[in-house]
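Novice: Okay, handing you the structure first.
The values are calculated or read from the model by the stated rules, or taken from the named source; none is laboratory data. Keep in mind the model is a prediction, meaning the values are calculated, not measured. Accessible surface is based on the protein model in full, side chains and every heavy atom, while ligands, DNA and RNA are left aside. Shrake-Rupley method; radii C 1.70, N 1.55, O 1.52, S 1.80 Å.
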Amino acid sequence: MGVSKKVAVLSGDGIGPEVMVEALKVLNKVATLYGHTFTFTEAKVGGAAWAACEAAGETPTHIPASTIELCASSDAILFGSVGGPVDKQHEPQWKDCEKNALLGLRKKFNLANNLRPSKVYPFLAHLCPLKPSIISAGVDVLVVRELVGGIYFGEHKRDGDRAIDVMEYTVEGIKKPLIFGFEAAQLRKKKVTVVDKANVLETSRLWREVAREVKANYPDVEMDFMYVDNAAMQIIQNPSSFDVIITENMFGDILSDAASVLPGSLGLMPSASLGDSVHMYEPSGGSAPDLAGKGVANPVAQILSGAMMLRYSFQMETEAAAIESAVEEVMKAGTLTGDLIEGKNKEGAVSTSAMGDAVCAALKGP
């Protein structure tokens, strides 16, 4: 039986609006095939929100109250990208745009857990910076990062010639990403690696204690621990050994960025930020203002972010897998945007809209 869901659509700036069109096109096709009703409501965010406020004679902001209200009344948030040209970052419209918009949403909805998958498609393995012998067994990693605690959110102060940054965690703050990570692992290869620095940090020792407690509820999932310095090496030397990595904020920031280069393009990298009442889904890449309006941006990360929304917010595993299969089928057949074609000669590259159309055509129903 079909279900009805409300989605707040925050396309944002740069290439955000044009890749969002393709994601919504795909999601609408899924709704048709599977008998669901998705209601998409647009709202402004980032520089686009600032400009809209100015045009309406209102006090400019990167995250209007009306946008927050829409998100709060929705079942999920589908986010594009925010930010303007590098040479205009000093202008009010763009100054602290990404920080204000993203941190504002994270704080308001306690988006405490970030999920970032990194998959090397075999037919695009030549784009991976690692040697074929390293990735021959396949790479499909999910990094689960705690997002609102740790050293980034601790006390920061200067005392003369001393600087102090405090890393702090609570049992409750640690439990949430662990639970999300173990539940994600149950849908995958059932292996969790908890990354820490327990040989030095007391917070890491607490992470291990809580991880062992949580693990007891997931007997079907294998768990091991790994120091962060070793994890940084292994994600390059032996990425195939990982399934789900769960870790604290700073370690996750670094490791998820390292993992993000493995597929060969940020245009393939979706992400999810999971909160208490509503979750947000967005591509890992930026707004790429230099590509905006040219019809060349890769919409796959935005489309796959939509698939993650179906999986984690709506519990539609079959539908999410259908999108992922369609994306893979299209790219395997050679339908590629320019970022997925090596060299300067991009002849044969398809447009943003053509990629979305191809994924829609490849989608299969129940």
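Novice: What do you get for Rg/Rh over segment 208-366 if you use C-alpha atoms and the Kirkwood form of Rh?
Specialist: 1.00
Novice: What are the ³J(HN,Hα) couplings of segment 205-214, residue after residue, when phi is run through the Karplus curve with 6.51, -1.76, 1.60 and θ = phi - 60°? Round to Hz, x for glycine and proline.
Specialist: Result, ordered by residue: 5, 5, 4, 5, 4, 5, 4, 5, 5, 5 Hz.
Novice: Sticking with this one: Could you pull out every residue, at least 5 positions away or on a different chain, whose amide H is within less than 5 Å of the one on Tyr227? Hs are placed 1.01 Å off N in the peptide plane, and Pro or chain starts have none.
Specialist: Placed amide hydrogens put Asp196 under 5 Å from Tyr227.
Novice: Students sometimes get this wrong: rank Glu329, Glu42, Glu347 by accessible area, probe 1.4 Å, all chains present, largest first.
Specialist: Sorted descending by solvent-accessible area, the residues read Glu347, Glu42, Glu329.
Novice: For segment 208-242 and segment 288-324, compute the distance between their C-alpha centroids and round to whole Å.
Specialist: Segment 208-242 and segment 288-324 have Cα centres spaced 27 Å from each other.
Novice: Moving on to the next point. With the Cα gyration tensor of segment 162-206 giving a ≥ b ≥ c as the square roots of its eigenvalues, does the rule (a/c under 1.5 for rounded; else a/b larger than b/c for prolate; else oblate) give rounded, prolate or oblate? Could the numbers behind the result be given before it?
Specialist: Details: a/c = 3.19, a/b = 2.22, b/c = 1.44.
Since a/c reaches 1.5 and a/b is larger than b/c, the shape of segment 162-206 is classed as prolate.
Novice: If you plug each phi of segment 220-233 into the Karplus form 6.51 cos²θ - 1.76 cosθ + 1.60 with θ = phi - 60°, what whole-Hz ³J(HN,Hα) values come out, in order, with x for Gly and Pro?
Specialist: 7, 10, 7, 10, 9, 10, 8, 5, 5, 5, 5, 4, 4, 6
Novice: I would also like to ask the following. If you take the alpha carbon radius of gyration of segment 208-300 and divide it by 2.2 N^0.38 Å, what ratio comes out, to two decimals?
Specialist: Here the Cα radius of gyration is 1.35 times the empirical estimate.
Novice: Going through the cross-link list Lys5/Lys346; Lys189/Lys346; Lys99/Lys190; Lys5/Lys175, which pairs have a Cα-Cα distance over 32 Å in this structure? All intermediate terms of the calculation are to be shown ahead of the outcome.
Specialist: On the way: Lys5/Lys346 39 Å; Lys189/Lys346 36 Å; Lys99/Lys190 35 Å; Lys5/Lys175 28 Å.
Distance filter (> 32 Å) returns Lys5/Lys346; Lys189/Lys346; Lys99/Lys190.
Novice: Follow-up. For the chain, what is the accessible area per residue in Å², given a 1.4 Å probe and the full set of protein chains?
Specialist: For the chain, the solvent-accessible area averages 44 Å² per residue.
Novice: Quick one: Cα centre-to-centre distance for segment 103-163 and segment 4-26, in angstrom?
Specialist: After rounding, the separation between the Cα centres reads 23 Å.
Novice: Considering Cα pairs under 8 angstrom that are at least six residues apart, work out the relative contact order of segment 1-56 and quote it in whole percent.
Specialist: The normalised contact order for segment 1-56 reaches 53 percent.
Novice: Same structure again: For segment 308-351, what is the per residue volume of the convex hull drawn over the alpha-carbon atoms, in cubic angstrom?
Specialist: Enclosed volume per residue, from the Cα hull, is 76 Å³.
Novice: While we're here: Let me test this: with uniform point scatterers at the alpha carbons of segment 1-54, what is the Debye-based log₁₀ I(q)/I(0) at q = 0.15, 0.22, 0.23, 0.25 1/Å?
Specialist: -0.49, -0.82, -0.86, -0.94
Novice: Using a 1.4 angstrom probe with every protein chain in place, what is the largest-first accessible-area order of Asp13, Asp229, Asp253?
Specialist: Ranked from most to least accessible, the order is Asp229, Asp253, Asp13.
Novice: While we're on this one: Express the C-alpha Rg of segment 286-366 as a ratio against the empirical globular expectation 2.2 N^0.38 Å, rounded to two decimals.
Specialist: 1.16
Novice: Right, here's the next one. Could you state how much accessible area Phe182 has, in square angstrom rounded to the nearest 10, with a 1.4 Å probe and all protein chains kept in place?
Specialist: Taking all protein chains as shown, Phe182 has close to 0 Å².
Novice: Run the numbers on the chain and let me know its relative contact order in percent, using alpha-carbon pairs under 8 Å that are six or more apart.
Specialist: 22 percent
Novice: Need one number: the % of Cα-Cα pairs in segment 118-233 sitting beyond the 20 Å mark.
Specialist: So the portion of pairs separated by more than 20 Å is 54 percent.
Novice: Okay, next question. Output wanted: per-residue J couplings in Hz (rounded whole) for segment 346-363, from phi through Karplus 6.51 cos²θ - 1.76 cosθ + 1.60, θ = phi - 60°, x for Gly and Pro.
Specialist: Karplus-based 3J(HN,Hα) across segment 346-363 equals 9, 4, x, 5, 9, 7, 4, 5, 5, 5, x, 4, 5, 5, 4, 5, 7, 5 Hz.
Novice: So how long is each side of segment 26-111 along the principal axes, counting just the alpha-carbon atoms, biggest first, in Å?
Specialist: Projected onto its principal axes, the Cα set of segment 26-111 covers 47, 27, 24 Å.
Novice: Between (i) 60, 53, 47; (ii) 61, 51, 35; (iii) 52, 51, 49, which matches Cα extents along the principal axes in Å calculated for the structure shown?
Specialist: Read-out from the structure maps to (iii).
Novice: Ordering Asp357, Asp243 by accessible area with a probe of 1.4 Å, largest first, what comes out?
Specialist: Asp357, Asp243
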